[in-house]
Structures are given as C-alpha cells and as structure tokens.
1. Mind telling me which of the residues Pro5, Pro77 ends up being surrounded by fewer than 19 Cβ atoms within 10 Å (Cβ to Cβ), modelled with pLDDT under 95 and more than 13 Å from Leu105 (Cβ to Cβ)?
2. Please go through the range 139-155 and give me each residue that is open to solvent by 40 Å² or more (accessible area, probe 1.4 Å) and part of a strand (DSSP E or B), ordered by number.
3. State which residue is surrounded by the most Cβ atoms within 10 Å (Cβ to Cβ) when the search covers only the range 86-103 and only residues that are under 19 Å from Glu24 (Cα atoms) and touching a Leu at 6+ places or on another chain (Cβ under 9 Å).
4. Of all residues in the range 25-59 being touching a residue at least 24 places away in the same chain (Cβ under 8 Å) and among the hydroxyl-bearing types (Ser, Thr, Tyr), which is nearest to Thr95 (Cα to Cα)?
5. Take Leu62 and tell me if it is part of a strand (DSSP E or B), within 22 Å of Met1 (Cα to Cα), in contact (Cβ under 8 Å) with a residue 40 or more places away in the chain and more than 12 Å from the chain's Cα centre (by Cα).
6. Of these, Leu39, Leu18, Leu55, Leu44, which one is under 20 Å from Leu121 (Cβ atoms), at pLDDT 95 or above, buried (at least 16 other Cβ atoms within 10 Å of the Cβ) and under 15 Å from the mean Cα position of the chain (by Cα)?
Amino acid sequence: MYLEPAKTIEDWQAASNLLIDVMENLNRQNFALWNESQLTLDGLTRQYKGGELFLAKSQGKLEGVVFLQEQDSYFWPELTGKDSLFLHKLAIHPTNKGLNKGAELITLAEQEAIKRGLAWLRLDCDDRKPLHNFYQKSEFNLVDITRMGSSIVARYEKPIIPLSKSLRSI
C-alpha cells in the first residue's frame, strides 16, 4: 500500500464515497461515528484544505484515506510548535477489515511525518474501547480523554524518530 496526495475533485469524491461506506458500515454495527454531512464532498472541502487529503492505494485501487495536517488548533490548542503531523478521518474500506490495513496506513503516515521532519504523530478519536485498542496496539500513547463540544474524545500521540537521527545513534 502507498499514500498518494489527492490531486483532483474526483479524488476527493472517491474519499467521500469511501468515508460514507465506512460510516454506513459502522452504523450497521451500532457504532455511529460521523454524520453524512461531514463526509460529503462539500463537507470535506469545508473542513480540510487541498494538500491534506491522502489516498491509501494498492495497485491503483483505493483502500483507505487519511487527512494529514501540520496544525490542529481545535483538538490540540495547547500545541503551538510545528513538530507534529495530525491524523484525521483515518479510514480503511470495510472490505479490507481484518487485513491489517489500518496499521499499514499508520506506518505510511509515520513515513510522511519523517519526510517532513516532524517529531510526532497525533490524533483524536472517539472514546471507544476498539479505537483505544487499535491506537495503543499501534504504539500511540493516550494523552487524555476530554470533552470537545458535545463529544468525548481521546487524544493520542506517538513520537517519531526521524531516520537521520536514528542512523546517527548506530
């Protein structure tokens, strides 16, 4: 699997379609996470800028999406430095469930952070046991659980050791 930045409106629409598929699958399992208005093309382009949407593909086929931001003043207002890559709406298509694609997508995000010279991956997620298990298994550390508007969110972070620093210690 590889990450590819979204370049066209068709890429954004494909991401919207995948996210809506994920939302509908979660709804069927009684794990409502997002509402459709957040995931439409219009909803996504209101929330995110060009350059922040990345498509996870294998052999040209869309398998997942993630939004990568270098700032997140809403969920992480105390962080003013520019040392983090924030993950949002990390999603793998339901047909890939159980294939470790989510962990693979996190590894790709780590590689992107290293390319950008950033020291941290950070994210927020709904306060749910399966999400806690997933992110902790992916070596994220729980920072806190806090109320954000009407939601309770868990904030996670993971230090990233840039390749150049890790090679110096060998």
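The values are calculated or read from the model by the stated rules, or taken from the named source; none is laboratory data. Computed from a prediction, not measured in an experiment: that's the story for all the values here. Note that we place each Cβ from the backbone using ideal geometry, even for glycine, and neighbour counts take in every protein chain shown. In case anyone asks, the SASA skips ligands and DNA or RNA and just uses the protein heavy atoms, side chains included. Shrake-Rupley method; radii C 1.70, N 1.55, O 1.52, S 1.80 Å.
1. Numbers: Pro5 fails: modelled with pLDDT under 95.
Within the list Pro5, Pro77, the selection yields Pro77.
2. Step one: of the range 139-155, the residues open to solvent by 40 Å² or more (accessible area, probe 1.4 Å) are 139, 141-147, 149-152.
Passing the criteria: Asn141, Leu142, Val143, Asp144, Ile145, Thr146, Arg147, Ser151, Ile152.
3. This residue is Ala91.
4. Ser58
5. Details: part of a strand (DSSP E or B): yes; within 22 Å of Met1 (Cα to Cα): yes; in contact (Cβ under 8 Å) with a residue 40 or more places away in the chain: yes; more than 12 Å from the chain's Cα centre (by Cα): yes.
The answer is yes for Leu62.
6. Details: Leu39 fails: under 20 Å from Leu121 (Cβ atoms); Leu18 fails: under 20 Å from Leu121 (Cβ atoms); Leu44 fails: under 20 Å from Leu121 (Cβ atoms).
Just one listed residue meets the conditions, Leu55.
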